[in-house]
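**Student:** Okay, here's the structure, questions in a sec.
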Amino acid sequence: MVASLNRLSESTSPYLLQHADNPVHWWPWCDEALELAATTDRPILLSIGYSACHWCHVMAHESFEDEETARVMNELFVNIKVDREERPDLDKIYQLAHQVLTRRGGGWPLTVFLAPDTRLPFFAGTYFPRETRYGMPSFKSLLERIAAAWRDQRSELEQQNRQMQEFLAGVAAPRGDDELPDATLAGQALAQLSQQFDPEHGGFGGAPKFPNPSNLRFLLRWPFAGDDRARAQEMALTTLARMAAGGIHDHLAGGFCRYSVDAQWMIPHFEKMAYDNAQLLPLYALAWRVSGDQWFREAATGIVDWVLADLQGEDGGYYSSYDADSEGEEGRYYIWTPDQVEALLSAEEYAAFAPRFGLDRPPNFEQQAWHLHAFRSIEDVAAKLGIPAAEVRARIAGARRKLLAERATRVPPGRDDKTLCSWNALMIEGMAVAARNLDDERLLVSARRALDYLRATLWDGERLLAVARDGKARLNAYLDDHAFLLLALMELLATDWRDADLDFAVTLADALIERFADSEGGGFFFTSHDHEALIQRPKPFQDDAIPSGNAVAAEALLRLGHLLAEPRYLGAAEGALRGAGPELRRFPHAYCASLCALADALDPSRLLILRGEIAAEQRNALTRKLSPRDALYRVAGALETRYPLKGGFTAYLCQGLSCSAPIESLGELERALDGGVAADG
């Protein structure tokens, strides 16, 4: 029987709920919809997007809300709508299929037509307009042509699908190397990134320009020496500084948008994502620690302010994103005119604010409005006005408060209020790292609330779940959920030890190995062994907007394995790195997260283990002696046998599986930190 209703109203996804009133007979991805396609022999129209996606909204308004287009869709296809954030497994598979079919990269909305029996794709695209334009056919005419092709050229399309199936099987689970990759790959990655680096504006490549946090983390964390170290830091710090000055940075509320449409970081695509800000927070905190530049600390603190105000729910979980659009227009919430700003500020405030953020220049947004971009430094503005830089900062701070209050009266962009385990884990990790570097208690409190939320909502005592909304959790968790949460726990343990967090970390590590490991080829599959059977089971190693789950799993397992001296975790981590080897050798700069993990495998970071009483100031002083790769754990009862307390204070300085003899004074510990580890077995 043909479905006659839209079936999205019970979804946990705000993106799917946005389409619940469409005249399209949408289904979520489910057995019933797949069965309907098979029994009626109608192709599946699979539409994948996400709540904050601008072009997803455009296609929805143009086509999915149009009665005539919906009639054609309902008559010819079984229509399935998927939130790529809830189902990254499906998105990974069909983005790859799109690339194979079209010979170009994909994006969102992703529009794929699948054979009803095999679910293999035979045609794919992204956005299609309602009317013929942009060199693309109208969506309605495309639907009719696709249906006719399936009817009249079925044998050719089925042959194409068999070839697609062979290709997907061939790339699903490549075999890894017998040996670990070697350290020379880091130098190659540095050279490749140097070739792409924009020395004037920072970042890599031209427009559109993305933050690429995995690249920046690699540049700040890999143990380069000499000129290579200086070059790596220069690229990372220049990029972070230019981004902080740019319009990609929300200069009023804090936080960063997803990417810039230009090479200058000036005009962003205005959606603000949890995962970007989660990764940029620890990078700005680390940049401040490395450079001492207050601008980096302010950018990090701004992210925290925005997250605490707008992204963290009352239950402790972090929401997913904010749309690019409000009132049907991209960026409307964020842009200004000089007259609007001047009317809100005092003359003194405007005199400082306008040259700082470009209000004294021609419009930079669609030739009719102004988006805030830091064109002139605080020092330049101070020199122009003949006043101290501190006075300029004070005036701009006052202006920010007034403009932010005014902006709060506008219609805000929509918020996607589902909580994703993996993105929450990234934010917990970022908060924990930044808490140590910024010495800000708010960050640790926020991270603890989020972790407690995840354990209460997305952990059922035996299994991790991927997504929740309004207290309702669902979907088997993926590799990224397990790996990111494990690394977040390791960072929390390094910030503020709790035995319960170590127990949870061990449980997650065991689940990761048991449910995701490829025992033959090395590494971890993206989906668990008991996951729904799909046309491919990916085993991804390459970074994209978030780091590779295999890379993060390797880094987290190495940290836990070295802390506990557990060879099973170390072996699984090395298996993931060997699995990445063939791809890593081809394009090292595309695997920066794997390189960060490789550093810990080839040259393990130092672990400073503290037992007993130590003042916060003394602990902070010890932390400053450690490199960004090193970790300090003030362990409690769970590890008292491995690291026994002797007297009122004891420290152990470890590297890999070797630890120093017990160190029983701070002076001796400082000398050991300056001189390295004395191995004691």
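**Student:** Could you look at the chain and say what percent of its accessible area is carbon and sulfur, using a 1.4 Å probe and all protein chains?
**Tutor:** Of all accessible area on the chain, carbon and sulfur atoms account for 48 percent.
**Student:** Okay, next question. Rounded to the nearest Å, what's the spacing between the alpha carbon centres of the range 199-234 and the range 45-82? Just the number, please.
**Tutor:** When both Cα centres are located, 39 Å separates them.
**Student:** With θ set to phi - 60°, apply the Karplus curve 6.51 cos²θ - 1.76 cosθ + 1.60 along the range 157-166 and write out the HN-Hα couplings as whole Hz, x wherever there is a Gly or Pro.
**Tutor:** The phi angles translate into 5, 5, 5, 4, 5, 5, 5, 4, 4, 5 Hz.
**Student:** How much accessible area does Glu462 have with a 1.4 Å probe, in Å² rounded to the nearest 10?
**Tutor:** Approximately 140 Å² for this residue.
**Student:** Taking θ = phi - 60°, what integer Hz values does the Karplus form 6.51 cos²θ - 1.76 cosθ + 1.60 yield along the range 548-564, in sequence order, with x for Gly and Pro?
**Tutor:** Ordered by residue, 3J(HN,Hα) equals 4, x, 5, 5, 5, 4, 4, 5, 5, 5, 5, 5, 5, x, 6, 5, 9 Hz.
**Student:** Would you kindly derive the ³J(HN,Hα) couplings of the range 579-593 from the backbone phi angles with the Karplus curve 6.51 cos²θ - 1.76 cosθ + 1.60 (θ = phi - 60°), listing them in order in whole Hz, with x for Gly and Pro?
**Tutor:** x, 6, x, x, 6, 4, 5, 6, 9, x, 5, 8, 10, 5, 5
**Student:** Starting from the Cα of Lys81, draw a straight line to each of the lysines and keep only those under 19 Å, dropping any in the same chain fewer than 8 residues away.
**Tutor:** Reachable lysines: Lys92, Lys140, Lys418.
**Student:** Placing +1 on the Cβ of each Lys and Arg and -1 on the Cβ of each Asp and Glu in the chain, which of Thr301, Ala565, Trp27 has its Cα farthest towards the positive end of the resulting dipole?
**Tutor:** Thr301
**Student:** Oh, and also: Using a 10 Å cut-off on Cβ atoms, rank the peptides 411-424, 290-303 from the highest mean neighbour count down.
**Tutor:** 411-424, 290-303
**Student:** May I pose another question? Give the cross-link partners of Lys209 among the lysines, using a straight C-alpha distance below 16 Å as the criterion and excluding same-chain residues fewer than 8 apart.
**Tutor:** Within reach: Lys272.
**Student:** Please calculate how many Å² of accessible area the chain carries per residue, with a 1.4 Å probe and no DNA, RNA or ligand atoms counted.
**Tutor:** In whole numbers, the chain has 39 Å² accessible per residue.
**Student:** Using only the Cα atoms of the range 211-331, what are the Rg and Dmax in Å?
**Tutor:** When restricted to the Cα atoms of the range 211-331, Rg and Dmax are 14.9, 52 Å.
**Student:** I would also like to ask the following. Ranked highest first by average number of other Cβ atoms within 10 Å, how do 444-456, 126-138 line up?
**Tutor:** The most tightly packed comes first, giving 444-456, 126-138.
**Student:** Note down the nm distance, to one decimal, between modelled labels 7 Å out along Cα→Cβ at Glu10 and at Ala148.
**Tutor:** 3.9
**Student:** Given Leu8, Leu252, Met136, which one lies farthest toward the positive end of the charge dipole of the chain, if we put +1 on the Cβ of every Lys and Arg and -1 on the Cβ of every Asp and Glu?
**Tutor:** Leu252
**Student:** Let me ask something else about it. Given Cβ point charges of +1 (Lys, Arg) and -1 (Asp, Glu) and nothing else, what value in debye, to the nearest 20, does the dipole of the range 236-313 about its Cα centre take?
**Tutor:** About 180 debye.
**Student:** Just by accessible area at a 1.4 angstrom probe, what is the order of Trp497, Trp265, Trp288 from largest to smallest?
**Tutor:** The ranking, largest first, comes out as Trp288, Trp497, Trp265.
**Student:** Give the Cα extents of the range 580-681 along the principal axes, in whole Å, largest first.
**Tutor:** 53, 27, 25
**Student:** Another question, then. Could you give the dipole magnitude of the chain about its Cα centre, charging the beta-carbon of Lys and Arg +1 and that of Asp and Glu -1, in debye to the nearest 20?
**Tutor:** 860
**Student:** Still on this structure: For the chain, with the dipole built from +1 on Lys and Arg beta-carbon atoms and -1 on Asp and Glu ones, taken about the Cα centre, which of Trp55, Tyr633, Val445 lies farthest toward the positive end?
**Tutor:** Tyr633
**Student:** Normalised radius of gyration for the range 57-173, please: alpha carbon Rg relative to 2.2 N^0.38 Å, two decimal places.
**Tutor:** Scaled against compact globular proteins, the figure is 1.07.
**Student:** Write down the Å³ per residue value for the convex hull defined by the alpha carbon atoms of the chain.
**Tutor:** 162
**Student:** If a cysteine in the chain has no other Cys Cβ under 4.7 Å from its own Cβ, put it on the list, ordered by number.
**Tutor:** When partners are defined as cysteine Cβ atoms under 4.7 Å apart, the chain leaves Cys30, Cys257, Cys421, Cys592, Cys596 without one.
**Student:** Same structure again: Order these peptides, 616-622, 575-581, by their mean beta-carbon neighbour count within 10 angstrom, highest first.
**Tutor:** 575-581, 616-622
The values are calculated or read from the model by the stated rules, or taken from the named source; none is laboratory data. Just so it is clear, the structure is predicted and the values come from calculations on it, not from any experiment. Note that each Cβ is placed from the backbone with ideal geometry, even for glycine, and that neighbours are counted across all protein chains shown. Ligands, DNA and RNA are excluded from the accessible area calculation, which covers all protein heavy atoms including side chains. Shrake-Rupley method; radii C 1.70, N 1.55, O 1.52, S 1.80 Å.
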